[in-house]
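These notes concern the structure reproduced below.
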Amino acid sequence: EVRQRLRGRKEPDAGLDGTRIRTDRVAQRNPDTGRHLWYSGKAGAFGGNVQVVMDHTGFPVYTGPVEPGSTHDITAARLHVLPALYRSAWLGMPVLADKGYQGAGIGILVPTKNPCPTPDEETRNNLLSAMRAPAERAHAMFKHFRALQHVSLNPATTTPIMAAALVLITPWRDY
C-alpha cells in the first residue's frame, strides 16, 4: 500500500533509515550469545530498532515493527521493509539508505564504503548523502513525541506507539 501511494504521488525516490527508541533496561537475553537482546551497542543504551520509510522530502510514510536494539538495521529492514521496496526499485523508484544497508540489494542506493575513495566514489557518496539528508527529518518528527523519547513499558509496545505517531503527524504533511 505504501509503495502504491509513493508511486501514485510520483515520488522520485524513497528513503530508508532505522531509528533507536530508548527503553528501560530489559532482562531478556539472546539465547545464542547470552548478551542483552534489547541493548544497542551502537547507541550505547537499551532500546528498540524501528525501520522508517520516507518520501523524498523526509516525511515518514511507514514505520516497521520494533526489533530488539541489538538487531542491525539491514537485518530489521530485510524482515520488514525491503521485500516491498524491491518491487518499487524494480519499477524505477530507487531507495536511498545509509552505509548500514550495504548489500541490501537491487535499487537500494548506499554510499560506498572505502577508506580511500576515488574522486568518483567521493562525489557519488556526497550526492547520495545530500539527497538523503531530509530523511533525518522523519526521526526528528518522531522524537518530538514524548511517548517515544523513552519507553518505560514493554519494548514491544513501541510498534503501536510509532504507528499512532505516524497517524498523528500525517496531517502535518499539508503544512
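Assorted remarks:
- Inclusion of Arg78 among residues that are at pLDDT 85 or above and surrounded by 15 or more Cβ atoms within 10 Å (Cβ to Cβ) is warranted.
- All positions within the range 152-175 that are β-branched (Val, Ile, Thr) and either farther than 17 Å from Gln51 by Cα or loosely packed, with under 15 Cβ neighbours inside 10 Å (or both): Val167, Thr170
- Reported count of residues in the range 90-118, each being open to solvent by 20 Å² or more (accessible area, probe 1.4 Å), of a type outside the set (D, E, K, R) and either in a loop (DSSP other than H, G, I, E, B) or in contact with a Leu (Cβ under 9 Å, 6 or more places away or on another chain) (or both), is 15.
- Residue count for the range 39-56 under the criterion of being at pLDDT 85 or above and either farther than 19 Å from Gly100 by Cβ or open to solvent by 20 Å² or more (accessible area, probe 1.4 Å) (or both): the result is 4.
- Positions within the range 15-38 being free of Cβ contacts under 8 Å to residues at least 40 places away in the same chain and either open to solvent by less than 40 Å² (accessible area, probe 1.4 Å) or in a strand (DSSP E or B) (or both), in sequence order: Arg29, Gly34, His36, Leu37
- Test result for Phe59, in contact (Cβ under 8 Å) with a residue 12 or more places away in the chain, open to solvent by less than 20 Å² (accessible area, probe 1.4 Å) and not hydroxyl-bearing (Ser, Thr, Tyr): yes
The values are calculated or read from the model by the stated rules, or taken from the named source; none is laboratory data. Given the structure is predicted, the values throughout are model-derived calculations rather than measurements. Here Cβ is always computed from backbone atoms with ideal geometry, including for glycine, and neighbour counts include all displayed protein chains. Note: accessible area is taken over every heavy atom of the protein model, side chains too, but ligands, DNA and RNA are not part of it. Shrake-Rupley method; radii C 1.70, N 1.55, O 1.52, S 1.80 Å.
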